[in-house]
Each structure stands twice: as C-alpha cells, then as structure tokens.
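*Asks:* Sharing a structure below in structure tokens format, with a few things to ask.
The values are calculated or read from the model by the stated rules, or taken from the named source; none is laboratory data. Bear in mind the structure is a predicted one, so any value in this text is a computation, not a measurement. Cβ: placed from backbone, ideal geometry, glycine included. Neighbour counts: every protein chain shown. Side chains are part of the model used for accessible areas, which takes the heavy atoms of the whole protein and leaves out ligands, DNA and RNA. Shrake-Rupley method; radii C 1.70, N 1.55, O 1.52, S 1.80 Å.
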Amino acid sequence: MANDNTPNRHVAYAGRYASGPVNKFNAFSALERARLLLRETEQITQMFELEGEKDERADWWWNGFEIVPYTLVGLATCLEWHARSRLTDLYTFLPEKIDAKALDGKVPAKVLSQMIQAKVSIPQLLGVSFTVGSVTEYLGVFKTLFEALGIATSPDSTIQPIVIEQLGLFGDVVREPLMRDVLEELFMTRHALVHEIGYGSSSGRSLCETWPPERVMWLCQNVISTIRLLETTITENAPSDFPNLLTQDGYPVDDRERLRQTIEALEARIGAEIAARSAHSQVNWSDALRAAQASAEAHEMLFSDRALFERFDWARTDLLSRTMLEQRLALLTEIATALDQSSGSRPS
C-alpha cells in the first residue's frame, strides 16, 4: 500500500491562517469579515430600493436573488472563526487550561510531524479543529474563556440587549427575539443552506422571501454586535498581554507601547544587575544598549517607507515593528535568565 501523504486538513488550515508572522486567525478577522458582509448587503438593499422606484421593475426585484441568503453562510463562519480563534488564544495564553481529552486522537505521529513542518502549535490545532455548529457551542467557548480569565458575567447576558416589551394590536405582549435565539436560527439556516438542496420550493423563491436583503442586513448587525460585546468584555477584563485584544471600536490593540515599556524595564533591571557585578561589563552593556537603540530607530525609519513596502499587507502596519520588539524582548529575557542562573562574582 502506498504511503498516505495527504495533509491533515486541520494542520493545513492552521498553517494557512494561524501560524507565521501574519496571523489572520483572530477575533479582528472575524469582525472585519462580518463588517464587509454588512456593507455588501447594504449595497444590495439600496439596489432593490432603486429598482422599486421604477415603473417597470426587473424580474429579480419581484423574485429576489437566490444568492442573497447565502450571506448567512458567511455570517455563521464569522462566529465560528471568532470562537475558534479565541479558544486558540486561551490555550496559548494558559496552556494549563488544555483538556487532555481534547487531544485524544488528534495528534498521532503523522499529524505531529506535519505540525512541526508547518510550525503549527497544539493550541492552534485544537482551536481550528473545534466544532462550532450551534449557539451552545459558540457561547460555550466564551463561557470557558470568561471563567479562565475570572470574568464574572456570562456570555449569554453579555450579548443580550435590554428586552423591550410592547403591546400588540390586541393587547398581547410583543418582544424582540432573544439574541441567543437569533444566532441559533443563523446556525440552523447555515446548515440547511450548506447541506440541503431545498426541494421544498421549485423556484427557490421561498428562501428569498424568508431572507430578503433587509433581514440579512439586520442579521449582519446582530452578528457584529455579538462579537463586539463579547470582545469589549474581554478587553475590559483580560490581562494586557492576552493575545489579539481589540479596542473599544473593535480594532486591534497596538501593543507596541506595552512591549516598549516591558523592554525598558527589563533593560534597567539587567543594567543594575551587571553594574553590581562588573564595572568592565557595565561599559560593554552600555555600548550594547546604545547600539540596540540606534538599530531600533533605523529599523523604524525603514519600516515607515511605504514606497519600499507597497505590496505589503498594511492592514497591520505595525507588524514589522512589533516583530522587532518581540525579538528584542526575547533576547533580553534570555539575558536576564542567564544572569539569574549565573553565579558571577560580585564585589564584596
């Protein structure tokens, strides 16, 4: 029998999006994709409105576009991506939270060798392979995350806006559906769109009637609201070095200033330790520190040359700068560890 060299699909998935310097497997990517789907649905809604003003309207104005409801597939994928990426962040930040049962059958020798080749970590493999096919599974990830970070509020209450009740025409109570129920309908509809052919309607018009552009746009807004509310709670409660935090506006936190402060404090600590041990080494350290600072300034000037990096992905303009700071921090950490473990002579 020939050797099966087929790549593991989860390793391939993580290799494409989660590993490497340009990491797209994060909450921001999920949120930005949902925003894009909203903008496109708004354009389609405007197209229908303009066509409706005409005396003679096109057939598609009456029958709808079969493709419009398929936006729901993209929206459900945004939620799936959101949960999977945050599970990866949790396992990366707190490896002790990895459930041993989650590894059962997922890392055989063949998969492990592929992971090493693709530079995929255990947290990344577990994140991309986690199933998110319902609102229970989606919110379950954030329940685990909130508990691990000591966040007292529940994900259910976090995403649920205040329920406003109104009286209907005949005195009956009318209220907006719970956000949990809205998201569950989204997952169920995504499943039907992907796995069912829809023979209930010969023309497909019932699908378009159920999900016209206006309703799809409303669901886009609900998905964006859900992601942002959960992310706001994480940002407000998580440690500042938790991976892939977002701002209150839902954009990546620029953590370069935090890295610079950490580097400055570590440089001061190392400098004090060296000064206490050797005057000669203190001179060498001062020279190395000046050289590192000059190098950092030169690199920052280089990275700011947009003409030079015109084909680079400037969706994250801080990438090169942040990589430089992370490498500097890694070196300083190794130096500090070596000093801590050293029994170098100290002046009496």
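*Asks:* Name the residues whose placed amide hydrogens come within less than 5 Å of the amide hydrogen of Glu176, ignoring near sequence neighbours (fewer than 5 apart) on the same chain.
*Replies:* Under 5 Å from the amide H of Glu176 lie the amide H atoms of Ile164, each far enough along the sequence or on another chain.
*Asks:* What's the extension gain from Ala292 to Glu96 if we count 0.36 nm per residue and subtract their Cα-Cα distance? Spell out each step's value before the answer.
*Replies:* Values: separation 196, 0.36 × 196 = 70.56 nm, distance 3.52 nm.
In short, 67.0 nm is gained.
*Asks:* Could you point to the label whose value was computed as semi-axes √(5λ) of the Cα gyration tensor in Å for the structure here, given (i) 49, 24, 22; (ii) 29, 26, 25; (iii) 39, 28, 17?
*Replies:* Matching the structure shown: (i).
*Asks:* Still on this structure, please answer the following. Using the heavy atoms of the protein chains and a 1.4 angstrom probe, tell me the accessible area per residue for the chain in square angstrom.
*Replies:* Details: 20410 Å² over 348 residues.
Per residue, the chain has 59 Å² of solvent-accessible surface.
*Asks:* Taking all protein chains in place and a 1.4 Å probe, what share, in percent, of the accessible surface of the chain do carbon and sulfur account for? Could the numbers behind the result be given before it?
*Replies:* Working: 11180 of 20410 Å².
With neighbouring chains kept in place, the figure for the chain is 55 percent.
*Asks:* Remind me, relative contact order of the chain in percent, using alpha carbon pairs under 8 angstrom and six or more residues apart?
*Replies:* Working: 304 pairs, mean separation 76.9, N = 348.
Relative contact order for the chain comes out at 22 percent.
*Asks:* Using 7 Å Cα-to-Cβ label points, what is the Trp218/Ala268 separation (nm, one decimal)?
*Replies:* 5.6 nm
*Asks:* Right, here's the next one. Once you put a point 7 Å from the Cα of His299 and another 7 Å from the Cα of Arg16, both along the Cβ direction, what distance in nm separates them?
*Replies:* Here the answer is 3.1 nm between the modelled labels.
*Asks:* For segment 30-99, taking Cα atoms only, what is the radius of gyration to one decimal and the Dmax to the nearest whole Å?
*Replies:* Final numbers for Rg and Dmax: 19.2, 66 Å.
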